[in-house]
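As structure tokens, the structure follows; a few thoughts come after it.
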Amino acid sequence: MKVQHIKTQSKIYPVIIDKKAIFSITDILAEKFKNHKIWIITDENVAPLYLDFVKTAIKSKLQSPIFHTIVPGGEEAKSLEVFQACHTDALQAGLNRKSIVLALGGGAVGDLAGFVAATYMRGIPFIQIPTTILAHDSAVGGKVAVNHPLGKNMIGTFYQPEAVIYHLDFLSTLPKKEVLSGYAEAIKHSLIAPKPFYTEMRNRIVSFEDIADENLSWFLEEGIEVKSNIVAEDEKETGVRAYLNFGHTLGHAIEAQLGYGVISHGEAVLLGMVFALQLSIEYIELEFDLAQFKKWAQDLGYTLRIPKELEPTTLLSTMKKDKKTTTDRVRFVLLSSVGSPVMKEFSDVEISKVLQTMY
């Protein structure tokens, strides 16, 4: 069983990665939260598959009362209305400060449940139990939030979990679209990592079918290590943690303009990465074979064109509302070389020029 430890200024916690990782949760609960009520927040897609399984695993060793809340699937879960409904469920169930939230689901459930935990009675503990590849990024590091119609993750905070339980068997039921969404975040980690992660990834995974078994556990562990090292240095994104937003500025704008859930987060971020790589090549002289990268991505199953219904001017306006933008110019994470991310701001004219090539 692979265990990594995330070390931040506020907390140290384990990430347990294994095909049977869920069975370690009883040890964690018994050691630190023995007398706590357990509140599972999951979604309508995951609940029929794994909710009873997780409850049974907990009940096999603990007598703690277990409650659950089922929220909409995908980004629809990350609304203020769903957030409030979760609080209502907890209050009606009589949950108190000696309660713990288990976030059972993908990145959206983890973001929502973490923000609920951070705010319910001014904060109760929570554990991430991701069921998607994408969540290997979002479940680690303590960013929790819900969306606003004008921007993704605009309402949230930093709130670290007590543990991340990565039960790899949960990933066996993921549809292709979700696999590609999650793998895009692994690609992001490989490009910003100061080691030959990207080269090895391209050599090991040349088709969609290669995103499985040993390769799956390998790139999840590598990606979590990349994020762990960055979060340890900069927990609240005052410096280098911003590098984890590589591809996200345009990606979030695409998601917001299409409507959350129309395109997967990872697909949008991959488009954002292609855009950032083009900016890097044109403006800071990155030496990178972008044509080779795009062919590799297309062979895996990604679409690398911005949907035609999205106007460049509208995307630009949305990017200016990004929470990482602090001036009238939009700031992007670029690469001076693979493994060497940098920040650079651009004018409207410069952004629009490169955006036009993405259609």
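One table, with the values for the structure above:
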| quantity | calculated |
| --- | --- |
| Rg/Rg_globular for the stretch 151-260, with Rg_globular taken as 2.2 N^0.38 Å and Rg from C-alpha atoms | 1.15 |
| 19 Å Cα cut-off, lysine pairs counted over the stretch 1-51 (separation 8 or more, or different chains) | 4 |
| The stretch 182-330, dipole about Cα centre (Lys/Arg Cβ +1, Asp/Glu Cβ -1), debye to the nearest 20 | 540 |
| Degrees separating the helix 265-283 axis from the principal Cα axis of the chain, which is the longest one | 30 |
| Given charges at beta-carbon only (K, R positive; D, E negative), |dipole| of the chain in Debye | 980 |
| Gap separating the Cα centres of the stretch 196-213 and the stretch 260-321, nearest whole Å | 20 |
| Overall dimensions of the stretch 30-118 as given by Cα atoms, namely Rg and Dmax in Å | 12.5, 35 |
| Over the stretch 214-359: Kirkwood hydrodynamic radius from C-alpha pairwise inverse distances, Å | 16.0 |
| Residue-averaged [θ]222 nm for the chain, counting only DSSP H segments that reach four residues, each worth -39500 (n - 2.57) | -13000 deg cm²/dmol |
| Listed residues M201, M154 arranged by accessible area, highest first, probe 1.4 Å | M154, M201 |
| Rg(Cα)/(2.2 N^0.38 Å) for the stretch 130-180, N = residue count | 1.32 |
| Accessible-area ranking of K143, K59, largest first, probe 1.4 Å | K59, K143 |
| Between helix 213-233 and the chain: long-axis angle, C-alpha atoms, 0 to 90°, nearest 10 | 90 |
| Of all accessible heavy-atom area on the stretch 110-154, the percent that carbon and sulfur account for (1.4 Å) | 60 |
| Descending Cα extents along the principal axes, the stretch 1-44, whole Å | 28, 27, 23 |
| Overall form of the stretch 280-337 per C-alpha gyration tensor (a/c, 1.5; a/b vs b/c) | oblate |
| Between 0 and 90°, nearest 10: helix 80-92 axis offset from the chain longest Cα axis | 10 |
| Average silhouette area of the stretch 43-193, convex hull of alpha-carbon atoms, in square nanometres | 9.4 |
| Percent carbon-and-sulfur accessible area, the stretch 209-336, ignoring ligands, DNA and RNA, probe 1.4 Å | 44 |
| Radius of gyration and Dmax over the Cα atoms of the stretch 84-158, both given in Å | 12.1, 35 |
| Where H87, H248 fall by accessible area, highest first, once all protein chains stay in place (1.4 Å) | H87, H248 |
| Fraction of antiparallel bridges per DSSP, the chain only, in percent to nearest 5 | 45 |
| Under-5 Å amide H pairs with V15, H placed in peptide plane, nonlocal only | Q4, H5, I6, V164 |
| R204 accessible area, assembled protein chains, probe 1.4 Å, Å² | 80 |
| Probe 1.4 Å - accessible area at K176, Å² to nearest ten | 110 |
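The values are calculated or read from the model by the stated rules, or taken from the named source; none is laboratory data. Since the model is a prediction, treat every value here as computed from it, not as a measurement. Don't worry about glycine lacking a Cβ; one is built from the backbone with ideal geometry, like all the others, and counts go over all protein chains shown. Only protein heavy atoms, including side chains, enter the accessible area calculation; ligands, DNA and RNA are left aside. Shrake-Rupley method; radii C 1.70, N 1.55, O 1.52, S 1.80 Å.
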